[in-house]
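Participant: Mind looking over this structure? Questions follow.
The values are calculated or read from the model by the stated rules, or taken from the named source; none is laboratory data. Note that the structure is predicted; figures quoted are calculated from it, not measured. Quick reminder, even Gly has a Cβ in these numbers, built from the backbone with ideal geometry, and neighbours come from all protein chains shown. Remember, those area values only see protein heavy atoms, side chains included, never the ligands or the DNA or RNA. Shrake-Rupley method; radii C 1.70, N 1.55, O 1.52, S 1.80 Å.
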Amino acid sequence: MKNKELHIALILGVLLPCLTMLLACRPNWEMPSVFPTEATEPATEGFQVLMSDGSVKGMDLDDYIWGVVLAEMPASYEVEALKAQAVAARTYALRTKRHENADICTYYGCCQAYVAPEDYTGSAKLSEKVRQAVLSTSGQVITYNGELIEATYFSCSGGRTEDAAAVWGADVPYLQSVESPGEENSSDYMKTVSMSAGEFAAAFDGLSGTPGSWIGKITYTKGGGVATIEIGGTEYKGTTVRQKLKLRSTAFVITIVGSSVSITSKGFGHRVGMSQDGAEAMAVGGSDYADILAHYYPGTKLQGIDNIGDLG
């Protein structure tokens, strides 16, 4: 997203509190809703949205998705990428139920980002482009074994996505690590941050010994992220280090020279599900939205809401 980032995890069957990470630029959800969860009753009219001012607004589902895509993906992206985003956002919206008095909210870090089309700061032409992408996929959702999927998505994978088990501790058959080529030109593909050894040590409640001795054994996930890393003799999960250091992803490399620490991370977000920059790269290469969704959610089906059956 150029305003892009999914949240909430089930680890060993226990729902943990939602941990929100505010990582500049795009909202890129950190934790998806519970695995598994009951799907909410689909609605095409009167979709109840909890607004940022605390009010609940009923709106047509596609109007809501229009606002989500405007907020979550650059309108300048290819139409097929926008269509893929629309279907993923619609699937997520219909499956998720986090609020007693609303189907979903517009809060950053909880549900999906949203901007009312009348408040969109881009051109009317781009807004209409997004609206047409949404309408052309109206009623279409992603399913696995006849049920709505947990349609997680994020900004950029850095070349390969991550599987759900590596990030949230729960294996999901359609949220597996896949290649995501063509992201190299994205501004989120790679980023290096620097800090002093003192700042680095403070993030881990102080470290003893010389900085050069702090980093020990590292293990990696299938998606190329850090699974575990020893820092100052203590083993940390890559997800924990990402949170402590406010890194863009778990695909990071730490380099310590003297009293200086540099950390290079690839990608931006949890890296589970659909890469938005990867979707754009696929669309530029000629793939349509169905191809994009099938790639990032392997084993799933694209179908109409009315053909799913009882979702309640």
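Participant: Would you confirm whether any residue within the range 162-176 is touching a Cys at 6+ places or on another chain (Cβ under 8 Å), crowded, with 19+ Cβ neighbours inside 10 Å and closer than 30 Å to S260 by Cα? I'd like the intermediate steps shown before the answer.
Facilitator: Residues of the range 162-176 touching a Cys at 6+ places or on another chain (Cβ under 8 Å): none.
There is no residue in the range 162-176 that is touching a Cys at 6+ places or on another chain (Cβ under 8 Å), crowded, with 19+ Cβ neighbours inside 10 Å and closer than 30 Å to S260 by Cα.
Participant: OK, next. Quick check on this structure: which one of A81, A93, A71 is assigned to a helix (DSSP H, G or I), closer than 28 Å to S249 by Cβ and modelled with pLDDT under 95?
Facilitator: A93 is the lone residue from the list that is assigned to a helix (DSSP H, G or I), closer than 28 Å to S249 by Cβ and modelled with pLDDT under 95.
Participant: Still on this structure, please answer the following. On the basis of being hydroxyl-bearing (S, T, Y) and in contact with a Phe, Trp or Tyr (Cβ under 8 Å, 6 or more places away or on another chain), does T255 make the cut?
Facilitator: So T255 does not fit the description; no.
Participant: Sort out which residues of the range 94-129 are within 15 Å of W66 (Cβ to Cβ), out of contact with any helix residue (DSSP H, G or I) (no Cβ under 7 Å at 6 or more places or on another chain) and buried (at least 22 other Cβ atoms within 10 Å of the Cβ), and write them in order of number.
Facilitator: T106, the sole residue that qualifies.
Participant: What pairs come up if the first residue lies in the range 139-161 and is closer than 21 Å to H270 by Cα and of a type in the set (A, V, I, L, M), the second is in a loop (DSSP other than H, G, I, E, B) and open to solvent by 10 Å² or more (accessible area, probe 1.4 Å), and their beta carbons are under 6 Å apart, counting only those six or more places apart or on different chains?
Facilitator: From residues that are closer than 21 Å to H270 by Cα and of a type in the set (A, V, I, L, M), the pairs are I142/T300; L148/A39; I149/Y174; I149/T300.
Participant: Now, a different point. Out of the residues in the range 130-140 that are surrounded by fewer than 17 Cβ atoms within 10 Å (Cβ to Cβ) and not polar (S, T, N, Q), state the one that is farthest from I305 (Cα to Cα).
Facilitator: Step one: list which residues in the range 130-140 are surrounded by fewer than 17 Cβ atoms within 10 Å (Cβ to Cβ), which gives 132, 135-136, 138-139.
With not polar (S, T, N, Q) added as a condition, the list becomes 135, 139.
Numbers: L135: 14, G139: 6 Å.
In this case the residue turns out to be L135.
Participant: Would you confirm, using the coordinates I've provided, whether V272 is within 30 Å of G216 (Cβ to Cβ), open to solvent by less than 20 Å² (accessible area, probe 1.4 Å) and modelled with pLDDT of 95 or more? Please lay out each step first, then the result.
Facilitator: Numbers: within 30 Å of G216 (Cβ to Cβ): yes; open to solvent by less than 20 Å² (accessible area, probe 1.4 Å): yes; modelled with pLDDT of 95 or more: yes.
Judged against the criteria, V272 is a match.
Participant: If you scan the range 127-164, which residues turn out to be more than 20 Å from F47 (Cβ to Cβ) and either among the aliphatic types (A, V, I, L, M) or assigned to a loop (DSSP other than H, G, I, E, B) (or both)?
Facilitator: Once the filter is applied, which keeps residues that are more than 20 Å from F47 (Cβ to Cβ) and either among the aliphatic types (A, V, I, L, M) or assigned to a loop (DSSP other than H, G, I, E, B) (or both), the range 127-164 yields N145, G146, T152, S155, S157, G158, G159, T161, D163, A164.
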